[in-house]
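Trainee: Structure incoming, see below.
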Amino acid sequence: MSVNLGFAQASSDFLTAALLIYSLAVIAFAGDYAFGRPRRTAAAKAAVPATAELATVGAGSGGGAGSAGGVGSAGGVGLAGGGSVAEGAAPPVPSAPAPRVGAFKAIWEAGPWVRAAVALSSLGALAHVVAVTTRGLAVHRAPWGNMYEFITALTCVAAIFFCYILVRYRAWPLGVFVMGAVVVALGLAQALINTPAGPLVPALQSYWLSIHVTAMTLATGIFFVAAVLGIMYLVAERYRKRVAAGKAEPGNGLIARIPSAAQLDKLTYRTVIFGFPVWTFGVIAGAIWADQAWGRYWGWDPVETWAFITWVIYAAYLHARATAGWRGARAHYIQLLGFASLITNMLVVQVFITGMHSYAGVG
């Protein structure tokens, strides 16, 4: 079936628009760091719901130690009113529970920079979805049949997943880092491996493409977000230790605006937990597809082997995170090793090592 050139051009245009909008969103997130001011609003004073204790990540555009009921970035315990309890003094007893503030109201009250950043991130994600959809319509198949399409799809998943985190956990202080990484990955794909719309190689012409590769794309996009959060955790934790050891001055402006290491640790763990079953399903679906295509479930093909290695590393991270002796930085190094394994499989093994999965479409 021939390529629909109109949809192909629309996909390219929408992807360029998404990249531009994402870049503006990153500028807006950075503007909140540079010009935003802490606001003592109902969002900052809201009691944290039991099911979303990480909602204080971005309760105010300052994101500092005064987060409602959460652990402040500088290590102190924040109060709803933004104050602190003197050492040895009895904490105040609230007379009534603080009212909860909806996510969208919290975003509105966080300031114009946050409002603009969230709106631009959402608009960019919408344009990105349209770009991926029209690419699929152009080629009459699932739009992830080569490396370029895979990267555009996984960055779309990463952007959508982060928009969910923005609303769910008020995590706008993370936006400049996560969306910045999305811009870099998508920009490199556009500049270096942009592949024209075209038909699939015969080996990929199966309905299993929509099952196996879709699962791997979703998991990779989620792990992409987890990797950015893990790096931020290591930076925040290293700074905390340097301050405790007297090797750094407290009150670093950038560190004070991002969530505390404890909050980043929880959010990273939950993100990996969300993506790990999807990756597991993708590996299993790939084995079933391999049996139908090649007559065996497993053949130690380089891509198969690296996918299994990645699964083992992420499983080790989850086990380490659940083991008290391996929490903290050591667990996050394992998680980042898992993402490094995933990237190695995607950008090195599939491109440079000949195997039965050599369909990257990169010359």
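Trainee: To make sure I understand the rule: partners must be aspartates and glutamates, Cα under 18 Å from the Cα of residue 241, and not fewer than 8 residues away in the same chain. Which ones qualify?
Mentor: Output for residue 241: 249, 265.
Trainee: To continue, here is another question. For residue 16 and residue 104, FRET efficiency with R0 = 25 Å and r from the beta-carbon atoms, rounded to 0.05?
Mentor: Computed FRET efficiency for residue 104 and residue 16: 0.30.
Trainee: In square angstrom, rounded to the nearest 10, how much accessible surface does residue 168 have for a 1.4 Å probe?
Mentor: Residue 168 exposes around 80 Å² with every protein chain in place.
Trainee: Related question: Which one of 227, 287, 254 has its Cα pushed farthest toward the positive end of the charge dipole of the stretch 216-363, where Lys and Arg give +1 and Asp and Glu give -1 at the Cβ?
Mentor: 254
Trainee: On a full-extension model of 0.36 nm per residue, what is the gain between residue 9 and residue 245, subtracting their alpha-carbon distance, rounded to one decimal in nm?
Mentor: Full extension from residue 9 to residue 245 adds 79.3 nm.
Trainee: Once the Cβ-Cβ distance between residue 192 and residue 254 is put in as r, and R0 is 35 Å, what FRET efficiency do you end up with, to the nearest 0.05?
Mentor: 0.70
Trainee: If you count only protein heavy atoms and use a 1.4 Å probe, how large is the accessible surface of residue 258, to the nearest 10 Å²?
Mentor: About 10 Å², rounded to the nearest 10.
Trainee: At what distance in angstrom do the alpha carbon centres of the stretch 1-30 and the stretch 308-349 lie from each other?
Mentor: 32
Trainee: Treating only the Cβ atoms of Lys and Arg (+1) and Asp and Glu (-1) as charged, compute the dipole magnitude of the stretch 268-336 about its Cα centre; round to the nearest 20 debye.
Mentor: In debye, rounded to 20, the stretch 268-336 gives about 420.
Trainee: With N set to the residue count of the stretch 245-322, report its C-alpha Rg divided by 2.2 N^0.38 Å to two decimal places.
Mentor: Relative to the 2.2 N^0.38 Å estimate, the stretch 245-322 comes out at 1.69.
Trainee: Next up: With only Lys, Arg, Asp and Glu charged, each at its Cβ (+1 for the first two, -1 for the last two), find how big the charge dipole of the stretch 220-363 is about the Cα centre; round to the nearest 20 debye.
Mentor: Here the size comes out at about 780 debye.
Trainee: Right, something else. More than 16 angstrom separation, counting every C-alpha pair in the stretch 228-279; what % is that?
Mentor: 45
Trainee: Please list, in order along the stretch 303-315, the HN-Hα scalar couplings obtained from phi with the Karplus expression 6.51 cos²θ - 1.76 cosθ + 1.60 (θ = phi - 60°), rounded to whole Hz, x for Gly and Pro.
Mentor: Once θ is set to phi - 60°, the couplings for the stretch 303-315 become 5, 4, 5, 5, 4, 5, 4, 4, 4, 5, 5, 5, 5 Hz.
Trainee: Further, regarding this structure: What accessible surface, in Å², does a 1.4 Å probe find on residue 308, ignoring ligands, DNA and RNA and rounding to the nearest 10?
Mentor: 90
The values are calculated or read from the model by the stated rules, or taken from the named source; none is laboratory data. On a predicted model such as this, the values are computed, not experimentally measured, just so you know. Neighbour counts are summed over all protein chains in view; Cβ atoms, including those assigned to glycine, are modelled from backbone coordinates with ideal geometry. All accessible areas refer to the heavy atoms of the entire protein, side chains included, with ligands and DNA or RNA removed. Shrake-Rupley method; radii C 1.70, N 1.55, O 1.52, S 1.80 Å.
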